[in-house]
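Heads up, the thing below is written out as structure tokens.
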Ligand SMILES: [Zn+2]
Ligand SMILES: [Zn+2]
């Protein structure tokens with residue numbers, strides 16, 4: 001069962017919370033991480049993928065190699081919980097996703113495991129920069145992460161408001177969606193608003209596209225395999241020129257899915273609708289569909305190991321085997337599409353105001369540090385074969 005974390009880990013978590021750094025700017029955080037790992041006796045490599053840090057624990061001559069990943073970055077948003085003594089000291093920067101807690105739990109586990117007996121194998125403790133949409137996992141991979149620090153399996157963990165502290169969810173299959181962006185530009189011929197027949201109206205096209213795009217999920221993709229298509233930006237014309245039909249109209253948004261075939265179908269359907277509507281209305285369309293992160297899909301093998309580890313750490317009754325996937329994304333997917341992996345959810349307590357991810361009053365729950373560290377340690381014992 002989990003033991004409470006030492007006071008210095010709580011102090012470290014609050015210190016990181018007070019000093020949030022955005023993706024690829026985690027210089028202070030990475031320094032702290034490297035210092036703690038080095039003091040614990042691990043081999044430490046800094047500057048992997050710019051501000052990433054890898055601590056390597058090697059025991060014996062054989063055994064498996066596993067990769068444990070924590071993210072370190074904060075978000076560009078203000079913290080509004082002014083009464084919190086450890087609130088952000090940097091205006092417009094905040095740890096609103098709990099990556100401060102993730103970092104400290106992996107440090108705590110590394111420190112504890114550095115003292116452990118009877119392990120055989122290698123653990124790569126990966127402290128990743130820039131998870132929040134800035135491509136930190138990809139930067140580490142491009143810097144040779146998996147060649148320099150090879151692993152048979154990879155594991156990631158995220159705190160989850162709505163799960164009790166001391167509870168975890170370890171679920172096979174899709175956990176987080178792919179995250180793609182699209183932009184469609186309709187080019188017509190601008191004209192006097194009173195003489196639409198003399199031009200070609202791109203606003204009429206963008207209006208039809210907006211309506212039609214919502215048929216992708218309703219008519220194109222498998223109803224049993226979730227997808228989201230949302231328009232999040234729309235631009236055309238000028239409110240100071242309400243008698244002018246413009247040349248151009250733009251629309252953009254996000255597309256999410258859990259299955260590769262749903263992702264492919266969504267991309268194809270958006271392109272077909274854009275070009276079809278443009279052809280029907282005599283304008284032209286250009287679509288730029290950019291694939292971002294792939295979905296996070298937990299593989300059966302590592303999921304089984306993670307589930308037994310969670311049960312050993314917290315008690316079998318505290319481990320949920322079904323939990324709804326999230327439509328958010330995580331670039332842990334860049335790792336788990338290359339190495340079989342499992343991404344687990346750790347209870348952060350009630351999902352109420354001030355405890356929701358990316359909320360200006362969010363805080364990582366320090367009571368979750370103990371269960372998180374206990375899980376990581378049990379996972380390493382399960383993988384590296386100590387009794
Ligand atoms: Zn986040
Ligand atoms: Zn996060």
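No value in this document is a laboratory result; all are computed from the given coordinates. No experiment lies behind these values; they were computed from the predicted model shown. Every residue, glycine as well, gets a Cβ built from its backbone with ideal geometry; the counts of neighbours run over all protein chains shown.
Have a look at 235, 34, 255 and tell me which one the Gaussian network model of the chain (Cα, springs below 10 Å) gives the largest fluctuation.
Looking only at 235, 34, 255, the largest GNM fluctuation is found for 235.
Grab the alpha carbons of the range 114-163, take their convex hull, and tell me the volume per residue in Å³. Don't skip to the end; give the middle numbers.
Numbers: hull volume 6.8 nm³, N = 50.
Considering the Cα atoms of the range 114-163, their hull volume per residue is 137 Å³.
Considering the convex hull of the alpha carbon atoms of the range 179-293, report its projected area averaged over all viewing directions, in nm², one decimal. All intermediate terms of the calculation are to be shown ahead of the outcome.
On the way: hull surface 27.5 nm².
Result: a mean projected hull area of 6.9 nm².
Taking only Cα atoms, what is the 0 to 90° angle, nearest 10, from helix 260-281's long axis to the longest principal axis of the chain?
Orientation of helix 260-281: about 20 degrees from the principal axis.
Measuring from centroid to centroid over Cα atoms, what is the spacing of the range 302-342 and the range 215-249 in Å?
Computed from Cα coordinates, the inter-centre distance equals 35 Å.
Taking R0 as 45 Å, what's the FRET efficiency between residue 222 and residue 81 from their Cβ-Cβ distance, rounded to 0.05? If you can, show how the numbers build up before the last one.
Numbers: r = 42 Å, r/R0 = 0.93.
Calculated transfer efficiency: 0.60.
As an exercise, find the ratio Rg/Rh for the range 296-387 from alpha-carbon atoms, using the Kirkwood inverse-distance average for Rh. Before the final figure, lay out each step's value.
Numbers: Rg = 14.4 Å, Rh = 14.7 Å.
For the range 296-387, the value is 0.98.
If packing is taken as the average number of other Cβ atoms within 10 Å across a peptide's residues, how do 101-112, 36-47 rank, most packed first? Write down the numbers at each step before the final one.
Details: 101-112: 25.3, 36-47: 16.9.
Descending mean neighbour count gives 101-112, 36-47.
I'd like the per residue volume of the convex hull spanned by the Cα atoms of the range 227-267, given in cubic angstrom.
Working: hull volume 2.8 nm³, N = 41.
Considering the Cα atoms of the range 227-267, their hull volume per residue is 68 Å³.
For the chain, give me the percentage of DSSP beta bridges that are antiparallel, rounded to the nearest 5 percent.
On the way: 48 of 69 bridges.
Just about 70 percent of them are antiparallel.
By how many degrees, 0 to 90 and rounded to 10, does the Cα axis of helix 27-39 deviate from the longest principal axis of the chain?
For helix 27-39, the angle is close to 20 degrees.
State, to one decimal in nm, how far the label point of residue 264 lies from the label point of residue 238, with both points 7 Å from Cα in the Cβ direction.
Label at residue 264, label at residue 238, 4.6 nm between them.
Between the alpha-carbon centers of the range 253-281 and the range 70-131, tell me the distance in whole angstrom.
Centre-to-centre distance over Cα atoms comes out at 37 Å.
Treating the angle as unsigned and between 0 and 90°, give the value, to the nearest 10°, between the Cα long axis of helix 99-113 and the longest Cα principal axis of the chain.
For helix 99-113, the angle is close to 30 degrees.
Counting each DSSP H run of 4 or more residues in the chain as -39500 (n - 2.57), what helix-only mean residue ellipticity at 222 nm follows after dividing by all residues, to the nearest 500 deg cm²/dmol? It would help to have the intermediate numbers written out before the result.
On the way: 10 runs with 120 residues, N = 387.
Counting only the DSSP helices, I get -9500 deg cm²/dmol.
Which semi-axes, in whole Å and largest first, does the equivalent ellipsoid of the chain have when worked out from the alpha carbon gyration tensor as the square roots of 5 times its eigenvalues? Intermediate values should be presented prior to the final figure.
Numbers: eigenvalues 395, 102, 71 Å².
After scaling each eigenvalue by five and taking roots: 44, 23, 19 Å.
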